[in-house]
2 protein chains.
Amino acid sequence: MAIEVLRLGHRPARDKRITTHCALVARAFGARKLWYSGIKDSVFEASVKRVVDQWGGSFEVEHVHSWRTLIQGHAGKSVHLTMYGENKRIKGSQLIVIGGEKVPSDVYHLVDHNIAVGNQPHSEVAALGVYLNDVSGIKKKFSDAKIKVEPLKRGKKVVQLQA
Amino acid sequence: MAIEVLRLGHRPARDKRITTHCALVARAFGARKLWYSGIKDSVFEASVKRVVDQWGGSFEVEHVHSWRTLIQGHAGKSVHLTMYGENKRIKGSQLIVIGGEKVPSDVYHLVDHNIAVGNQPHSEVAALGVYLNDVSGIKKKFSDAKIKVEPLKRGKKVVQLQA
């Protein structure tokens, strides 16, 4: 199963933390890549790369100029997460499109499915997390990790793995 | 069931959107209140109030100075969401504590449970959404709403409710 995420309309000044959260959620729930449109942001890209270097896996981020071409050229299903969509889930490989506050209206027609995680305003970060949790679940193993958490009742424990 | 959320260490300049997302996620998944510590932020509070006025329900946000007293004085269970915690869920009424990047270490000892939504770095917004989705689910009815979404396959439809 290959899941990719497309984050629309990134603005570094306003969205850096939100887009970083989206990328880390995508990675933690097993997506292999986050594409993002809007303004290219090397600070954001580096912060995700640092996480991947330490915590493992092969998750990537890549800036895309023509996001419409990306959606249209995508071989599998495409899904737009929106509070205006239907409350359903699509299983298997897919491109998941998430917007910010202003989403171009043609997105609703370019994708195969418009899907809501509830029909109330909340957060594209939480919508992505809940949707991915339903579709693919939390990813358990990350290849080539340098560190991992050992879950504890109290406090923090991070263990070093092989060099 | 009464669920409340405590967001630690809000900084308006850096966290406005993240804390707003946390509040809206709390509301959408049925929490009744978000407390927040750190710097009091009337812009954040007003933005949540606008959502409640339009979309209904009785969700509140309130700034708290002494968050340790709030946790210790809480009558029911308290849960801290952290990537270092155990992968379990607590059902029923509870106070859910979420931090930012730097969480004071005594939090781990003040709460009843430290709970992870996966043990990888991702997002307190997504962690809160996934956890609440497991514990209480998406809230379906909001009293006194002025508007609501009618879910569509394509496009957006918002319907006006009674004045």
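Here, each number is a calculation from the coordinates, and none is a lab measurement. For clarity, every value in this text was computed on a predicted model and none was experimentally measured. Note that each Cβ is placed from the backbone with ideal geometry, even for glycine, and that neighbours are counted across all protein chains shown.
Numbers for the structure displayed
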{"read-out": "Single residue of A:Lys88, A:Lys157, A:Lys153 found to be in contact with a Phe, Trp or Tyr (Cβ under 8 Å, 6 or more places away or on another chain) and among the basic types (Lys, Arg)", "value": "A:Lys157"}
{"read-out": "Selection count where residues are among the basic types (Lys, Arg) and either within 10 Å of chain A (Cβ to nearest Cβ) or in contact (Cβ under 8 Å) with a residue 60 or more places away in the chain (or both), scope the range B:23-49", "value": "1"}
{"read-out": "Any hit, the range B:63-86, residues being among the aliphatic types (A, V, I, L, M) and touching a Pro at 6+ places or on another chain (Cβ under 9 Å)", "value": "yes"}
{"read-out": "Subset of the range A:105-163 (residues that are at the interface with another protein chain (Cβ under 8 Å from one of its Cβ atoms), among the hydroxyl-bearing types (Ser, Thr, Tyr) and in a loop (DSSP other than H, G, I, E, B))", "value": "A:Ser105, A:Ser123"}
{"read-out": "Test: residue in the range A:86-99 that is in contact (Cβ under 8 Å) with a residue 12 or more places away in the chain and at the interface with chain B (Cβ under 9 Å from one of its Cβ atoms)", "value": "yes"}
{"read-out": "Among the residues listed as B:Met83, B:Met1, the single one being touching a residue at least 60 places away in the same chain (Cβ under 8 Å), over 30 Å from B:Gln160 (Cβ atoms) and of a type outside the set (D, E, K, R)", "value": "B:Met1"}
{"read-out": "Among the residues listed as A:Ser123, A:Ser105, A:Ser143, the single one being among the polar types (S, T, N, Q) and in contact (Cβ under 8 Å) with a residue 40 or more places away in the chain", "value": "A:Ser143"}
{"read-out": "Filtered residues of the range A:84-102 (kept if out of contact with any Gly (no Cβ under 6 Å at 6 or more places or on another chain), within 18 Å of B:Thr20 (Cβ to Cβ) and surrounded by fewer than 20 Cβ atoms within 10 Å (Cβ to Cβ))", "value": "A:Gly99, A:Glu101, A:Lys102"}
{"read-out": "Checklist (1) among the hydroxyl-bearing types (Ser, Thr, Tyr); (2) more than 10 Å from every other protein chain (Cβ to nearest Cβ); (3) under 29 Å from B:Ser136 (Cα atoms) applied to A:Thr82, failing item", "value": "(2)"}
{"read-out": "Boolean, B:Gly73 is of a type in the set (Gly, Ala, Ser), surrounded by fewer than 16 Cβ atoms within 10 Å (Cβ to Cβ) and more than 8 Å from chain A (Cβ to nearest Cβ)", "value": "yes"}
{"read-out": "Answer residue from the range B:122-141, given it is touching a strand residue (DSSP E or B) at 6+ places or on another chain (Cβ under 9 Å) and surrounded by 18 or more Cβ atoms within 10 Å (Cβ to Cβ) and is farthest from A:Phe29 (Cα to Cα) among those", "value": "B:Val135"}
{"read-out": "Residues of the range A:108-137 classified as over 27 Å from B:Gly56 (Cβ atoms) and of a type in the set (Val, Ile, Thr), total", "value": "2"}
{"read-out": "Top-ranked residue in the range A:12-22 [being over 10 Å from A:Val125 (Cβ atoms) and within 11 Å of chain B (Cβ to nearest Cβ); ranked as surrounded by the fewest Cβ atoms within 10 Å (Cβ to Cβ)]", "value": "A:Arg14"}
{"read-out": "Residues (among the charged types (D, E, K, R), over 19 Å from A:Asn114 (Cα atoms) and in contact with a strand residue (DSSP E or B) (Cβ under 6 Å, 6 or more places away or on another chain)) located in the range A:42-83", "value": "A:Glu45, A:Glu60, A:Glu62"}
